[in-house]
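Undergrad: Structure provided below as structure tokens; questions to follow.
The values are calculated or read from the model by the stated rules, or taken from the named source; none is laboratory data. This structure is a prediction, so every number in the text was calculated from the model and none was measured. All Cβ positions, even for glycine, are placed from backbone atoms using ideal geometry, and neighbour counts span all protein chains on display. For the accessible areas, the whole protein counts, side chains as well, though only heavy atoms, and no ligand, DNA or RNA atoms are used. Shrake-Rupley method; radii C 1.70, N 1.55, O 1.52, S 1.80 Å.
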Amino acid sequence: MLTIRILAKRTAPAVAAAARAQAKAPAVRLYSSRILPTSASVPACASRLAIGGNVYRALQTSATLHNIVPYKLADIGEGITECEIIQWFVKPGDKVSQFDKICEVASDKATVEITSRYDGIIKKLYYQDSDIALVGKPIVDIEIEGPSAPDTLAEEPALSSQVSSTPAELPGSVSKNHAADRTGDVVYATPAVRRVARENAVDLRYVAGSGKGGRILKEDVLQFVEEQRSEPAAPAPEPSTAEQPFVQANASSAAPEISLSSASAVVTREDRIVSLSPIQRAMFKSMTDSLGIPHFRFKDEIELDALMQARQRINEYLVELSDGAMSKMTYMPFFVKAASLALTKYPILNAKVAAEPGAPPKLLYRAAHNIGVAMDTPGGLIVPNIKDVQTKSLMDIAAELRSLAQRGKSGAIASTDLKGGTFTLSNVGMIGGTYLSPVLVDSEVCIGAIGKVQRLPRFETVEIDSRSVERVVPRHILVTSWSADHRVVDGATMARFAVLYKKLLEHPEIMLANMK
């Protein structure tokens, strides 16, 4: 509290009675110790002071209030309790206005840009890049002018934060004396690009972005890595403290150039510890929880020749359409729809174990067939699901799969696409592998994995001159691998489901006849 003392003579009131009373009373003045006579002694806490027949009164005023508001990370729903700080757009001392971008955070479900709710000055950052911020805890302090914010406003969680003015250095990042100039501390890049940079120990502040608005693309990072590999390594007189240069993974110059994944293209000279991404942390937790579920596994072969012919005719029809919305249908819509039709007959595989502490376990039979499809995105494994597959046609399913794939590549999968799944299919065969062992999550009791299609010899019985003759013919074989929660699903039920699923795919006319 700042006290200002001012010498001022009280003016006479306009009313006559007040004027007469003032004439009889000693003069009352506002005093300031700076202009009072030096002989006057002003008590420290005096409110009235009499000097030479005059009465002086102290006047106190307050300076403008500057309140520091802790800005908390809001609860963004979906059970998210923490987020990773991707990058900061401000530093301590910066002036911000409402809706100015403060930082970018990523959870296991989405990436969000956080904006300010106040006009003020950034005073403190609680986290640095790649730190984990907890929901409901302060992430940045903002000094605002004016009276204190109401308690309800101050306690309201806010999607806003910031870090220290010097971003954390990545292990093995480029040294400060690198030939390339720094492009600035604010980096515009998607989580997928940041993941590639972390895997290659690249400091994105040194990478020039070629995307819109200077955004760094994956190609920019890989080009930067190639440039580092082609440049001679700088001498390091003190290996214990000097940063290590990039090293080519394959030193053989005679070997043909092969396009390797970014994760294995570059290695460093020393071990390094990298924090798990939000998606990896979510996978770590869910797979750890899955260890308590006894898995029953079942594998079977499916001949796809008839389905391949049906799909070819459908694609020919799509080419003839003039709208151009879809020109090709993959096998996945057939796999998804066949699973939904089989679940109609065996609904226990679409159920969920409801086990409350202290209560007997129960089964929740779910009416909707929300079938999840595992996707390998640049940011990691995600499992969005197609809602109400039991009401959708093959064309509807194909359109949704296409939309999910496009959003997955750009990291734009919505949280609503990731929740509410009741059954999962994983088409790992697109990458490779024949016999698989999918792992359940605790919210489902069955999951299927689809291997690659192989052209293999099989026996076929034919009638030749009224005689049954066996001959070897080529067939396109697909292996499906199933895992079920053996606490509630017995082996016979899983086997019957798999047999029906096989029949629907080997005889697509039966599948089409049962579709609504």
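Undergrad: Could you name every one of the strands (runs of 3 or more DSSP E) located completely within region 101-140 that has at least 1 residues being more than 23 Å from residue 381 (Cα to Cα) and out of contact with any Leu (no Cβ under 9 Å at 6 or more places or on another chain)?
TA: Details: elements: 101-106, 111-115, 120-125, 132-134.
Here the list reads 101-106, 120-125.
Undergrad: Continuing with the same structure: Any idea how many residues of region 493-516 are at pLDDT below 95, among the hydrophobic types (A, V, I, L, M, F, W, C) and out of contact with any Leu (no Cβ under 8 Å at 6 or more places or on another chain)?
TA: Total meeting the criteria: 2.
Undergrad: Here's a follow-up. Testing residue 372 on (1) in a helix (DSSP H, G or I); (2) surrounded by 14 or more Cβ atoms within 10 Å (Cβ to Cβ), one condition comes back false. Which one is that?
TA: (1)
Undergrad: State all residues of region 315-341 that are of a type in the set (A, V, I, L, M, F, W, C) and open to solvent by less than 40 Å² (accessible area, probe 1.4 Å); if no residue qualifies, say none.
TA: First, the residues of region 315-341 that are of a type in the set (A, V, I, L, M, F, W, C): 318-319, 321, 325-326, 329, 332, 334-336, 338-339, 341.
Within region 315-341, 318, 326, 329, 332, 334, 335, 336, 338, 339, 341 meet the criteria.
Undergrad: List the pairs whose first member sits in region 328-347 and is within 17 Å of residue 492 (Cα to Cα) and among the β-branched types (Val, Ile, Thr), whose second member is part of a helix (DSSP H, G or I) and open to solvent by 50 Å² or more (accessible area, probe 1.4 Å), and whose Cβ atoms are under 9 Å apart, counting only residues at least 6 apart or on separate chains?
TA: 344/390; 344/514
Undergrad: Pick out the one residue from 387, 409, 419 that is under 22 Å from residue 505 (Cα atoms) and open to solvent by 60 Å² or more (accessible area, probe 1.4 Å). Show your work before the answer.
TA: Numbers: 409 fails: under 22 Å from residue 505 (Cα atoms); 419 fails: under 22 Å from residue 505 (Cα atoms).
Going through 387, 409, 419 in turn, just one is under 22 Å from residue 505 (Cα atoms) and open to solvent by 60 Å² or more (accessible area, probe 1.4 Å): 387.
Undergrad: If you don't mind, another one. What's the number of the only condition in (1) open to solvent by less than 50 Å² (accessible area, probe 1.4 Å); (2) part of a helix (DSSP H, G or I); (3) at pLDDT 95 or above that residue 344 fails to meet?
TA: Single failed check for residue 344: (1).
Undergrad: Look through region 462-497, keep the residues that are under 14 Å from residue 303 (Cβ atoms) and open to solvent by less than 10 Å² (accessible area, probe 1.4 Å), and return whichever of them is farthest from the chain's Cα centre (by Cα).
TA: 477
Undergrad: Restricting the search to region 440-449, which residues are open to solvent by 10 Å² or more (accessible area, probe 1.4 Å) and in a strand (DSSP E or B)?
TA: Applying the first criterion (open to solvent by 10 Å² or more (accessible area, probe 1.4 Å)) to region 440-449 yields 441-444, 447.
Answer for region 440-449, where residues must be open to solvent by 10 Å² or more (accessible area, probe 1.4 Å) and in a strand (DSSP E or B): just 447.
Undergrad: Do you know which residues across region 332-356 are under 17 Å from residue 372 (Cβ atoms), touching a helix residue (DSSP H, G or I) at 6+ places or on another chain (Cβ under 8 Å) and not aliphatic (A, V, I, L, M)?
TA: Answer for region 332-356, where residues must be under 17 Å from residue 372 (Cβ atoms), touching a helix residue (DSSP H, G or I) at 6+ places or on another chain (Cβ under 8 Å) and not aliphatic (A, V, I, L, M): 333, 334, 335, 337, 340, 350.
Undergrad: Still on this structure, I have one more. If residue 153 passes every condition in (1) assigned to a loop (DSSP other than H, G, I, E, B); (2) at pLDDT below 60; (3) open to solvent by 50 Å² or more (accessible area, probe 1.4 Å) but one, which one does it miss?
TA: (1)
Undergrad: Would you point out the residue of region 408-435, among those that are free of Cβ contacts under 8 Å to residues at least 60 places away in the same chain and assigned to a loop (DSSP other than H, G, I, E, B), that is nearest to the chain's Cα centre (by Cα)? Before you say what the answer is, go through the steps one by one.
TA: At the first step, the residues of region 408-435 found to be free of Cβ contacts under 8 Å to residues at least 60 places away in the same chain are 408-409, 412, 416-417, 420-421, 424, 426, 428-434.
Next, only the ones that are assigned to a loop (DSSP other than H, G, I, E, B) stay: 412, 420-421, 431-434.
Details: 412: 9, 420: 18, 421: 18, 431: 24, 432: 27, 433: 29, 434: 31 Å.
So the residue we want is 412.
Undergrad: Could you please tell me which pairs satisfy a Cβ distance under 6 Å, a separation of 6+ or placement on different chains, a first residue in region 211-222 that is more than 17 Å from residue 379 (Cβ to Cβ), and a second residue that is in a helix (DSSP H, G or I)?
TA: Nothing qualifies.
Undergrad: For region 498-516, how many residues meet the condition of being in contact with a strand residue (DSSP E or B) (Cβ under 8 Å, 6 or more places away or on another chain), surrounded by fewer than 16 Cβ atoms within 10 Å (Cβ to Cβ) and of a type in the set (Gly, Ala, Ser)?
TA: 0
Undergrad: Next question, about the same structure. Name the residue, out of 483, 437, that is under 30 Å from residue 375 (Cα atoms), touching a Leu at 6+ places or on another chain (Cβ under 8 Å) and among the polar types (S, T, N, Q). Explain how you work it out, then say what you get.
TA: Numbers: 437 fails: touching a Leu at 6+ places or on another chain (Cβ under 8 Å).
Unique residue meeting the criteria: 483.
Undergrad: Among (1) within 22 Å of residue 389 (Cα to Cα); (2) surrounded by 11 or more Cβ atoms within 10 Å (Cβ to Cβ); (3) at pLDDT 90 or above, where does residue 367 come up short?
TA: That leaves (2) as the condition not met.
Undergrad: For region 97-131, how many residues meet the condition of being free of Cβ contacts under 8 Å to residues at least 60 places away in the same chain, under 23 Å from residue 204 (Cβ atoms) and of a type outside the set (S, T, N, Q)? Before you say what the answer is, go through the steps one by one.
TA: Applying the first criterion (free of Cβ contacts under 8 Å to residues at least 60 places away in the same chain) to region 97-131 yields 97-101, 104-105, 112-129, 131.
If we keep only those that are under 23 Å from residue 204 (Cβ atoms) as well, we get 100-101, 104-105, 112-115, 122, 125-129, 131.
When the remaining residues are screened for being of a type outside the set (S, T, N, Q), the result is 100-101, 104-105, 112-114, 122, 125-127, 129, 131.
Qualifying residue count, region 97-131: 13.
Undergrad: It is to be established whether one or more residues within region 466-474 are without any contact (Cβ under 8 Å) to a residue 12 or more places away in the chain and out of contact with any Ser or Thr (no Cβ under 8 Å at 6 or more places or on another chain).
TA: Filtering region 466-474 down to residues without any contact (Cβ under 8 Å) to a residue 12 or more places away in the chain leaves 466-470.
In the following step, the residues that additionally are out of contact with any Ser or Thr (no Cβ under 8 Å at 6 or more places or on another chain) were identified as 466-467.
Within region 466-474 (the criterion being without any contact (Cβ under 8 Å) to a residue 12 or more places away in the chain and out of contact with any Ser or Thr (no Cβ under 8 Å at 6 or more places or on another chain)), the answer is yes, since at least one residue qualifies.
Undergrad: Against the condition not aliphatic (A, V, I, L, M) and not in a strand (DSSP E or B), how does residue 452 come out, does it pass? If you could, list the steps in order and put the result at the bottom.
TA: On the way: not aliphatic (A, V, I, L, M): yes; not in a strand (DSSP E or B): no.
The answer is no for residue 452.
Undergrad: Using beta carbons and a limit of 7 Å, which pairs, at least six apart or on different chains, have the first residue in region 492-503 and part of a helix (DSSP H, G or I) and among the polar types (S, T, N, Q) and the second one open to solvent by less than 50 Å² (accessible area, probe 1.4 Å) and modelled with pLDDT of 95 or more?
TA: 493/346; 493/348
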